[in-house]
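Peer 1: The structure's right below; bear with me while I get my questions together.
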Amino acid sequence: MTTASFGRLVRFRAKNGTIYYGEVESQELITKESLAGAEVTVYNGLSLWDESWKITSERQIIKEVLCPLDSTPIIHCIGVNYRKHAAESNLTVGPNTVAFIKPADTLAGPFEDIHVNSECTWMDYEAELSFIIGRDCKNATTENALDYILGYTVGNDVSSRYWQMPERSGHQHGAAKGFDKFAPIGPVIVSPRILGDPHNLGMTTKVNGVVRQQTNTDDMIFQIPSIIQHLSRGTTLRRGTVVMTGTPSGVAAFMKPQAWLNNGDVVEVEIDSIG
């Protein structure tokens, strides 16, 4: 099965109530404001893996930006993958990536409110360059790993640090990160053709307009080909799988004092060339 051909892909609900994928390749700065009300050319289907997938001449106006995927089989996440983050957390980096998973129901759109269970406290953000697997992948090599990527997007690995404490988690990251809607991604999927080198992108996180994280993806310890090789070793990564590649320094947990998120806070994550 071939994968979709596109530049910058937005999934949205149009004024007529129908859900479409639209092309916004010409928009260099992708924001909520730039997408709202924009008239875009749409594709002929809702499946990114349709053999008949192609751009049409039809144009529709964006009423609501949706999650760029309607579903995912699973979300794989990489922990402690930025040098400065490893330093702030006082953790030693081993020979292999730290990996954990988020269930499919953690998936959320880029502009959704995240409703947090009352037992989830010490709430934190984690800006993450994320990518989507475009075709089933098993035993990839570092040489061919990038061939399996459909495109890149912005992610936020939302975390309840209360549940990440060893006495509650048994040192398992997923216990704190697997709640519904704890993995917003978007606002677009950018093709590898457009993005270029994923290891040289500026990344910024703001909370209520104040910068918390600011880095470049060149601070990654394990680069994306190595991540795919590791995750696919004897394991099938199904198409539509989202992979979050780790967060940089500046998370709330290691600020002094700790600056946990509160109800109503607005978290903005921006990555160069994506949005």
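Peer 1: Can you confirm whether the stretch 182-189 contains a residue that is open to solvent by 10 Å² or more (accessible area, probe 1.4 Å), among the aromatic types (Phe, Trp, Tyr) and modelled with pLDDT of 95 or more?
Peer 2: Looking through the stretch 182-189, none of the residues is open to solvent by 10 Å² or more (accessible area, probe 1.4 Å), among the aromatic types (Phe, Trp, Tyr) and modelled with pLDDT of 95 or more.
Peer 1: While we're here: Do any residues in the stretch 249-275 that are closer than 25 Å to Leu195 by Cα have Cβ atoms under 6 Å from those of residues that are among the basic types (Lys, Arg) and surrounded by fewer than 18 Cβ atoms within 10 Å (Cβ to Cβ), where the two are at least six apart or on different chains, and which pairs are they?
Peer 2: Here the result reads Ser249/Lys84; Glu268/Lys206, each pair linking the stretch 249-275 to a residue that is among the basic types (Lys, Arg) and surrounded by fewer than 18 Cβ atoms within 10 Å (Cβ to Cβ).
Peer 1: If I filter the stretch 71-83 for residues that are of a type in the set (Gly, Ala, Ser) and modelled with pLDDT of 95 or more, do I get at least one hit?
Peer 2: Yes, the stretch 71-83 has at least one match.
Peer 1: Oh, and also: Could you check, for the stretch 166-177, whether at least one of its residues is within 17 Å of Gly240 (Cα to Cα) and of a type outside the set (A, V, I, L, M, F, W, C)?
Peer 2: No: the stretch 166-177 contains no residue that is within 17 Å of Gly240 (Cα to Cα) and of a type outside the set (A, V, I, L, M, F, W, C).
Peer 1: It is to be established whether one or more residues within the stretch 134-148 are under 25 Å from Val190 (Cα atoms), hydroxyl-bearing (Ser, Thr, Tyr) and open to solvent by less than 10 Å² (accessible area, probe 1.4 Å).
Peer 2: no
Peer 1: Does Glu25 satisfy being of a type in the set (D, E, K, R) and loosely packed, with under 12 Cβ neighbours inside 10 Å?
Peer 2: The answer is no for Glu25.
Peer 1: Kindly check whether there is at least one residue in the stretch 162-170 that is surrounded by 14 or more Cβ atoms within 10 Å (Cβ to Cβ), touching a Phe, Trp or Tyr at 6+ places or on another chain (Cβ under 7 Å) and within 21 Å of His76 (Cβ to Cβ).
Peer 2: yes
Peer 1: May I pose another question? Looking at Gly209, Gly186, Gly202, can you tell me which residue is of a type in the set (Gly, Ala, Ser), under 28 Å from Cys120 (Cβ atoms) and in contact (Cβ under 8 Å) with a residue 60 or more places away in the chain?
Peer 2: Details: Gly209 fails: in contact (Cβ under 8 Å) with a residue 60 or more places away in the chain; Gly202 fails: under 28 Å from Cys120 (Cβ atoms).
Of the residues listed, the single one that is of a type in the set (Gly, Ala, Ser), under 28 Å from Cys120 (Cβ atoms) and in contact (Cβ under 8 Å) with a residue 60 or more places away in the chain is Gly186.
Peer 1: Quick one: in the stretch 32-76, which of the residues that are crowded, with 18+ Cβ neighbours inside 10 Å and aromatic (Phe, Trp, Tyr) is farthest from Phe12 (Cα to Cα)?
Peer 2: Checked the stretch 32-76; the qualifying residue farthest from Phe12 (Cα to Cα) is Trp53.
Peer 1: Continuing with this model, one more query. Restricting to the stretch 171-181, name every residue that is touching a residue at least 24 places away in the same chain (Cβ under 8 Å) and open to solvent by 50 Å² or more (accessible area, probe 1.4 Å).
Peer 2: Of everything in the stretch 171-181, those that are touching a residue at least 24 places away in the same chain (Cβ under 8 Å) and open to solvent by 50 Å² or more (accessible area, probe 1.4 Å) turn out to be Gln172, His173, Phe179, Asp180, Lys181.
Peer 1: If I ask for residues that are open to solvent by 10 Å² or more (accessible area, probe 1.4 Å) and not in a loop (DSSP other than H, G, I, E, B), which ones from the stretch 218-268 would you list?
Peer 2: If the condition is that a residue be open to solvent by 10 Å² or more (accessible area, probe 1.4 Å) and not in a loop (DSSP other than H, G, I, E, B), then Asp218, Asp219, Pro225, Ser226, Gln229, His230, Leu231, Ala253, Phe254, Leu261, Val267, Glu268 are the ones that fit.
The values are calculated or read from the model by the stated rules, or taken from the named source; none is laboratory data. All of these numbers come straight from a predicted model, not from anything done at the bench. Backbone-built Cβ (ideal geometry, glycine too); neighbour counts: all protein chains shown. Surface accessibility is based on the protein's heavy atoms, side chains included, excluding ligands, DNA and RNA. Shrake-Rupley method; radii C 1.70, N 1.55, O 1.52, S 1.80 Å.
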